[in-house]
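A.B. asks: Before anything else, here's the structure in question.
Bear in mind that the values in this text are calculations on the coordinates, not laboratory data. All values derive from a computational prediction rather than experimental measurement. Heads up, the Cβs are rebuilt from the backbone with ideal geometry, glycines too, and the neighbour counts pull from every protein chain shown.
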Amino acid sequence: MQLSSLSKLNNESTMVCDYFPIVDSTQFMYKVLKFQGVDTMSTNVISMDDFKAELNERIELGYTVTGFNLEPVSSKVIQLVY
């Protein structure tokens, strides 16, 4: 899933949160936080409980669902990030 906060000035994305499923895991998601949709600020592996809580919180703050990341990320890719 992808959530974006939109600028009130020009209606463009200012912060983008991408959440990806992880291969062979139903308990965790891979999160990528980007500034203005380009510069990666951080990457994390988060629990499904944290994922659900973050979705609700960000949507309440006005974030918009702007995409769906259905392709699972390999744990090998995540190990390269850390």
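A.B. asks: Dipole of the chain, Cα-centred, from +1 at each Lys and Arg C-beta and -1 at each Asp and Glu C-beta, to the nearest 20 debye?
C.D. replies: On the way: 6 positive and 10 negative charges, 25 e Å.
So the magnitude is around 120 debye.
A.B. asks: For the residues 29, 41, 15, what sequence is obtained by ranking on other C-beta atoms within 10 Å, fewest first? Mind showing how you got there, number by number?
C.D. replies: On the way: 29 24, 41 11, 15 17.
With the fewest neighbours first, 29, 41, 15 line up as 41, 15, 29.
A.B. asks: Which whole-number percent is the relative contact order of the chain (Cα, under 8 Å, 6+ apart)?
C.D. replies: Once divided by the residue count of the chain, the mean separation gives 35 percent.
A.B. asks: Neighbour counts of other C-beta atoms within 10 Å: give me 73, 38, 65 arranged from fewest to most. Don't skip to the end; give the middle numbers.
C.D. replies: On the way: 73 20, 38 8, 65 12.
Listed from fewest to most nearby Cβ atoms, that is 38, 65, 73.
A.B. asks: Shifting gears a bit: What is the helix-to-structure angle for 48-60, meaning the angle in degrees between its Cα long axis and the longest Cα principal axis of the chain, kept from 0 to 90 and rounded to the nearest 10?
C.D. replies: Roughly 0 degrees between the two axes.
A.B. asks: While we're looking at this one, here's another question. Identify all lysines with a Cα-Cα distance to residue 76 below 29 Å; exclude those on the same chain that are fewer than 8 residues away in sequence.
C.D. replies: 31, 34, 52
A.B. asks: Let me know the Rg and Dmax you get for segment 2-73 when you use only its Cα atoms, in Å.
C.D. replies: 12.2, 42
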